[in-house]
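One structure below.
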Amino acid sequence: MRTEETEELRFSARGSKLVKRNRNNSVLFFLFLICLIILFSPAHILAMDTSHVKRVVDGDTLLLDNNRYVRYIGINAPEVQHGNEHAEPFGNEAKNYNARLVENREIYLVYGQERMDRHGRELAYVYTRENVFINKMMLDKGWAYCLFKPPNLRFYDVFLKAQHLAMQRQEGMWHGWETQSLKLLANKRSRRFHREACPFGVQTKKSNRILFSSLWEAFWEGYAPCKRCFPEGPFSVYTEK
Ligand SMILES: [Zn+2]
C-alpha cells in the first residue's frame with residue numbers, strides 16, 4: 001500500500017512538473033512570437049500614431065485634419081497653380097496621383113533629422129496603413145524627382161534608384177522625352193542645376209561646379225532644378241512647342 005501511494009505521489013508530482021514546463025514553454029513561445037512580430041514589423045508603424053489626411057496640396061505636400069501641413073522629405077513634385085502663378089507642366093497630374101494615394105486616408109509620419117521647413121511645414125516620410133511608402137511611390141510613378149536636402153538624406157540613394165527605374169520605364173513626367181541638349185551648370189554640394197546664365201549658378205565655387213548637357217542627364221545624376229532659372233519648372237522646356 002505504502003509503495004503504491006508513494007508511486008502515485010511521485011507520478012502526480014512529475015505530472016504537475018510536466019504541466020508547469022508546458023506552460024513555461026507556451027509563455028516562451030508567445031514571447032518569441034512577439035519578438036518576431038516586432039523584428040519584422042516596420043519600426044515606424046509600431047512607434048507612430050496615425051494622422052488623417054484632409055486633402056493634398058500638390059504632389060509633395062498634404063494637409064492633415066489638425067491643419068498641419070506635411071511636406072514629403074527627399075522629393076519635389078511640379079507645382080500646381082497658386083495665386084497668380086500657373087501650374088507647372090505635370091503639376092496637376094502629380095497632385096491627382098498623390099490624392100489617389102492619401103486623400104481622406106490614415107497615414108503614418110516618420111520624421112528626419114530636421115523636423116520643420118522654413119514655411120512651418122512638417123518634413124516627413126509618409127506611409128499608408130498598408131505600408132505604401134508615399135515619398136518613394138511618387139518617384140516610382142514618375143510624378144516627382146529627387147531633392148537632395150541635408151540633413152534629411154536617409155533614403156536619398158533609395159529614392160535615386162527609384163527615380164532611375166521610373167526614368168527608364170518613362171513613367172509619368174518622364175514619358176516621351178527627347179534628348180534635347182541644354183547647357184546646365186550645377187553645384188556638386190547642393191546638387192542643384194541652373195541654366196548657363198543664371199546669376200545663382202554663376203556664383204558656384206569653381207571646385208563645386210559640374211556641367212551637364214541635358215536635363216535628363218542632370219536629373220539622372222540626382223540633381224534638382226533651381227527655381228530662379230526654371231520659374232515654370234524644368235518640364236516646360238520639353239512641353240513648350
Ligand atoms: Zn538658377
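For a footprinting-style exposure proxy, rank 154, 121, 129 by other Cβ within 10 Å, fewest first.
Working: 154 14, 121 17, 129 11.
Fewest-to-most Cβ neighbours within 10 Å comes out as 129, 154, 121.
Going down the list 149/206; 136/161; 149/227; 95/141; 149/188; 183/227, which pairs span over 18 Å between their C-alpha atoms?
149/206
Report the gain in length on full extension from residue 32 to residue 213: 0.36 nm times residue separation, minus Cα-Cα distance, nm rounded to one decimal.
Difference between extended and current length: 59.5 nm.
Taking neighbour counts of Cβ atoms within 10 Å as a proxy for exposure, in what order, fewest first, do 165, 160 appear?
Ascending number of Cβ neighbours within 10 Å: 165, 160.
Compare the peptides 137-149, 198-210 by average per-residue count of other Cβ atoms within 10 angstrom and give them in order, highest first.
Ranking the peptides 137-149, 198-210 by packing returns 137-149, 198-210.
Excluding residue 143 itself, what net charge comes from residues whose Cβ is under 14 Å from its Cβ, given Lys and Arg +1 and Asp and Glu -1?
The answer is -2.
Suppose R0 equals 45 Å. What FRET efficiency, 1/(1 + (r/R0)^6) with r the Cβ-Cβ distance, do residue 113 and residue 196 give to the nearest 0.05?
Calculated transfer efficiency: 0.85.
Rounded, prolate or oblate, given the Cα gyration tensor of region 104-241, with a/c below 1.5 counting as rounded?
It is oblate, given that a/c is not under 1.5 and a/b is not larger than b/c.
Need one number: the % of Cα-Cα pairs in region 45-173 sitting beyond the 23 Å mark.
Across region 45-173, Cα pairs with separations above 23 Å total 26 percent.
Looking at the P(r) of region 177-239, how many percent of alpha-carbon pairs lie beyond 19 Å?
Every Cα pair in region 177-239 considered, those over 19 Å come to 19 percent.
A short reminder: the numbers here are calculations on the coordinates, not readings from a lab. Remember, predicted model here, so these are calculated numbers, not experimental data. Neighbour counts run over all protein chains shown; Cβ positions are idealised from the backbone, glycine included.
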